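Undergrad: Here you go, one structure.
The values are calculated or read from the model by the stated rules, or taken from the named source; none is laboratory data. These figures come from a predicted structure and were not determined experimentally. Neighbour counts run over all protein chains shown; Cβ positions are idealised from the backbone, glycine included. Each accessible area value is taken on the protein alone, full model and side chains, heavy atoms only, with ligands, DNA and RNA left out. Shrake-Rupley method; radii C 1.70, N 1.55, O 1.52, S 1.80 Å.
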Amino acid sequence: MTEENNVQGNSTPETGVNPENVPAATGEETVAVEANAAAQAASSEVEDAYGVAVLKKGTVVRGKIVKVDDDQAFVDIGYKYDGIIPIRELSSVQLGSAQDAVEVGQEVELKVVSLNDEKEKLVLSKRAVDSENAWGDLQAKLDSKEVIEAKVVDVVKGGLVVDVGLRGFIPASMVERHFVEDFSDYKGRDLRLRVKELDREKNKVILSQKDVLDEEYEAKKQDVLAGINIGQEIDGTVQRLTPFGVFVDIGGVDGLVHISELAWNHVEHPSEVVKEGDQVRVKVLKVDPANERISLSIKAAQPGPWQRVKEELQIGAIVTGTVKRLASFGAFVEVLPGVEGLVHISQIAHRHIGTPHEVLKEGEQVSVKILDINPDEKRVSLSIKETEEAPAQAPRPERGERRAPKETISEEYNQALNLTLGERFGDKLSKFK
């Protein structure tokens with residue numbers, strides 16, 4: 001390119017010379033200047049929005065909380081006067097106080113609800129921004145199955161309410177792995193949840209803690225099943241009671257203690273022995289990895305009742321027991337928890353009885369005398385009649401006094417019989433004549 005062309009390229013149409021006598025801008029410099037001008041323009045708009053009456057309904061702004069009352073909060077957004085956030089616009093869930101949602105110094109993102117410069121009244125909403133952001137966030141967590149944490153803000157009929165930027169609901173059946181009768185103490189708790197269902201049109205958000213617990217339970221179960229051994233004794237926590245037994249948590253996995261394995265004595269209902277939350281020692285009876293079942297025993301982890309027999313029972317002693325069962329041949333009486341002895345029918349009463357039911361009934365308290373103890377065979381022989389005084393018998397003839405000979409008695413009996421027969425035959429003959 002010639003020098004003439006260079007001069008012409010840098011000059012004005014009128015003079016052909018650069019008016020400020022500076023080098024012409026290159027292409028890169030031109031782009032930088034334009035970008036800088038655009039940034040300055042955008043900055044002017046922001047300054048205008050915060051400094052002059054450019055705010056309008058729906059504008060999203062940022063500010064800092066400067067004061068909190070019970071029913072509202074005041075926020076500085078850089079405008080000519082502070083804005084107000086009514087308590088209803090602080091959260092999607094019902095609040096007892098504005099202090100439950102924000103605190104002084106907190107930075108928040110807000111949406112303009114209404115603006116009146118004449119009355120210097122600017123109403124803002126935190127709830128609107130949080131709700132808008134929450135839908136997208138929750139959808140992402142639903143897709144990824146991510147676990148979130150939320151605090152229970154209310155207990156309502158059918159479940160719990162949590163604040164997840166929106167009003168989230170946890171149905172009662174999705175709170176725990178087991179049935180919960182009373183949720184009153186759940187308010188204020190932090191729960192780990194998974195998003196189950198979203199419906200923006202119906203403004204419905206369903207969450208579940210049970211899904212999280214189920215997943216963790218299944219992961220732990222495999223580890224426990226692989227490491228547990230039959231005969232092993234473990235400390236556990238009673239989780240729930242059923243008519244047929246109790247489920248005990250032994251490290252993240254539940255095992256079943258059948259009602260027959262709760263105690264050495266007979267148990268009508270598990271509540272007689274344990275309650276939810278009790279710490280118990282259990283012995284592993286059976287492990288079924290295929291069906292993922294663990295059978296446990298509480299009584300097997302305790303000293304057996306027959307170990308107490310030698311120390312607490314002695315032959316010849318009289319003790320109080322409870323009639324547990326009645327059979328045709330006698331009665332079973334519990335003399336120690338889990339230790340039953342047999343009172344043979346011949347040892348029930350001094351008089352002859354055809355069945356134990358004539359004298360005894362189940363549940364009755366009786367005094368028994370210990371006749372024999374055989375711990376090896378787990379047998380105790382008892383007697384009721386030996387604890388009672390024998391009834392008086394008919395007096396025996398005094399010494400020297402003789403009874404009538406058997407021959408005399410037989411003769412008198414025969415005479416009476418013959419007399420009776422003769423009388424009858426006489427009557428027949430008279431009728432015949």
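Undergrad: Of the residues in region 132-155, how many are open to solvent by 60 Å² or more (accessible area, probe 1.4 Å), out of contact with any strand residue (DSSP E or B) (no Cβ under 9 Å at 6 or more places or on another chain) and either under 29 Å from Asp182 (Cα atoms) or of a type in the set (A, V, I, L, M, F, W, C) (or both)?
TA: 0
Undergrad: May I ask you to list the residues in region 292-326 that are assigned to a helix (DSSP H, G or I), among the charged types (D, E, K, R) and out of contact with any helix residue (DSSP H, G or I) (no Cβ under 7 Å at 6 or more places or on another chain)?
TA: Across region 292-326, the qualifying residues are Arg308, Lys310, Glu311, Glu312.
Undergrad: Now for a separate question. Name the one entry in Lys202, Lys221 that is open to solvent by 30 Å² or more (accessible area, probe 1.4 Å) and either closer than 26 Å to Leu285 by Cα or not in a helix (DSSP H, G or I) (or both).
TA: Within the list Lys202, Lys221, the selection yields Lys202.
Undergrad: Please specify each residue of region 275-297 satisfying the condition of being at pLDDT 95 or above and either out of contact with any strand residue (DSSP E or B) (no Cβ under 8 Å at 6 or more places or on another chain) or within 25 Å of Val335 (Cβ to Cβ) (or both).
TA: Ser297
Undergrad: Only residues that are of a type outside the set (A, V, I, L, M, F, W, C), without any contact (Cβ under 8 Å) to a residue 24 or more places away in the chain and not in a loop (DSSP other than H, G, I, E, B): list them for region 255-271, please.
TA: Ser260
Undergrad: Mind listing whichever residues of region 117-131 are open to solvent by 100 Å² or more (accessible area, probe 1.4 Å) and either closer than 11 Å to Glu89 by Cα or in contact with a strand residue (DSSP E or B) (Cβ under 8 Å, 6 or more places away or on another chain) (or both)?
TA: Within region 117-131, Lys121 is the sole residue that qualifies.
Undergrad: Condition (residue is hydroxyl-bearing (Ser, Thr, Tyr) and closer than 24 Å to Glu389 by Cα) applied to region 254-266: is it met by at least one residue?
TA: no
Undergrad: Could you please tell me which pairs satisfy a Cβ distance under 6 Å, a separation of 6+ or placement on different chains, a first residue in region 354-370 that is acidic (Asp, Glu), and a second residue that is open to solvent by less than 60 Å² (accessible area, probe 1.4 Å)?
TA: Note: pairs meeting the criteria are Glu362/Val323; Glu364/Val323.
Undergrad: Search region 327-341 for residues being in a strand (DSSP E or B) and more than 18 Å from Gln314 (Cβ to Cβ), and hand back the single one that is nearest to the chain's Cα centre (by Cα).
TA: Phe332
Undergrad: Among the residues of region 122-140, are any farther than 29 Å from Gly63 by Cα and either within 28 Å of the chain's Cα centre (by Cα) or not small (Gly, Ala, Ser) (or both)? It would help to see each step written out before you state the result.
TA: Residues of region 122-140 farther than 29 Å from Gly63 by Cα: none.
No.
Undergrad: Sticking with this structure for a sec: Could you count how many residues in region 56-98 are open to solvent by less than 20 Å² (accessible area, probe 1.4 Å) and either touching a His at 6+ places or on another chain (Cβ under 6 Å) or among the basic types (Lys, Arg) (or both)?
TA: Final tally of qualifying residues: 0.
Undergrad: Out of Gly168, Gly188, Gly158, report the one residue that is open to solvent by less than 20 Å² (accessible area, probe 1.4 Å), in contact (Cβ under 8 Å) with a residue 12 or more places away in the chain and not aliphatic (A, V, I, L, M).
TA: On inspection, the qualifying residue turns out to be Gly168.
Undergrad: Got a sec? Which of Val309, Val284, Val274 is open to solvent by less than 70 Å² (accessible area, probe 1.4 Å) and touching a residue at least 60 places away in the same chain (Cβ under 8 Å)? Before the answer, list the steps.
TA: Numbers: Val284 fails: touching a residue at least 60 places away in the same chain (Cβ under 8 Å); Val274 fails: touching a residue at least 60 places away in the same chain (Cβ under 8 Å).
On inspection, the qualifying residue turns out to be Val309.
Undergrad: Right, another one. So Glu216 passes all but one of these: (1) assigned to a helix (DSSP H, G or I); (2) more than 29 Å from Gly168 (Cα to Cα). Which condition number does it fail?
TA: (2)
Undergrad: Okay, moving on. Which one is nearest to the chain's Cα centre (by Cα), of the residues in region 372-404 that are basic (Lys, Arg) and modelled with pLDDT of 70 or more?
TA: Applying the filter and picking the extreme gives Lys378.
Undergrad: Only residues that are touching a Ser or Thr at 6+ places or on another chain (Cβ under 9 Å) and over 21 Å from Glu389 (Cβ atoms): list them for region 345-356, please.
TA: Passing the criteria: only Thr355.
Undergrad: Also, quick follow-up: Just give me the residues in region 277-331 being among the hydrophobic types (A, V, I, L, M, F, W, C) and more than 30 Å from Glu388 (Cβ to Cβ), in sequence order.
TA: Of everything in region 277-331, those that are among the hydrophobic types (A, V, I, L, M, F, W, C) and more than 30 Å from Glu388 (Cβ to Cβ) turn out to be Val280, Val282, Val284, Leu285, Val287, Ala290, Ile294, Leu296, Ile298, Ala300, Ala301.
Undergrad: Any chance region 235-245 includes a residue that's in a helix (DSSP H, G or I), modelled with pLDDT of 90 or more and either at positive phi or crowded, with 18+ Cβ neighbours inside 10 Å (or both)?
TA: So in region 235-245, the residues in a helix (DSSP H, G or I) come out as none.
There is no residue in region 235-245 that is in a helix (DSSP H, G or I), modelled with pLDDT of 90 or more and either at positive phi or crowded, with 18+ Cβ neighbours inside 10 Å (or both).
Undergrad: Does region 82-93 contain any residue that is more than 22 Å from Val161 (Cα to Cα), assigned to a strand (DSSP E or B), touching a Gly at 6+ places or on another chain (Cβ under 8 Å) and at pLDDT 90 or above? Lay out the reasoning, then the answer.
TA: Initially, region 82-93 is screened for residues more than 22 Å from Val161 (Cα to Cα), giving 82-85.
With assigned to a strand (DSSP E or B) added as a condition, the list becomes 83-85.
Add one more test, that the residue is touching a Gly at 6+ places or on another chain (Cβ under 8 Å), and what stays is 83.
Add one more test, that the residue is at pLDDT 90 or above, and what stays is 83.
Scanning region 82-93, I find at least one residue that is more than 22 Å from Val161 (Cα to Cα), assigned to a strand (DSSP E or B), touching a Gly at 6+ places or on another chain (Cβ under 8 Å) and at pLDDT 90 or above, so the answer is yes.
Undergrad: Okay, moving on. Assess whether Lys119 counts as being out of contact with any His (no Cβ under 8 Å at 6 or more places or on another chain), at pLDDT below 95, basic (Lys, Arg) and assigned to a helix (DSSP H, G or I).
TA: Working: out of contact with any His (no Cβ under 8 Å at 6 or more places or on another chain): yes; at pLDDT below 95: yes; basic (Lys, Arg): yes; assigned to a helix (DSSP H, G or I): no.
When the stated conditions are applied, Lys119 does not pass them.
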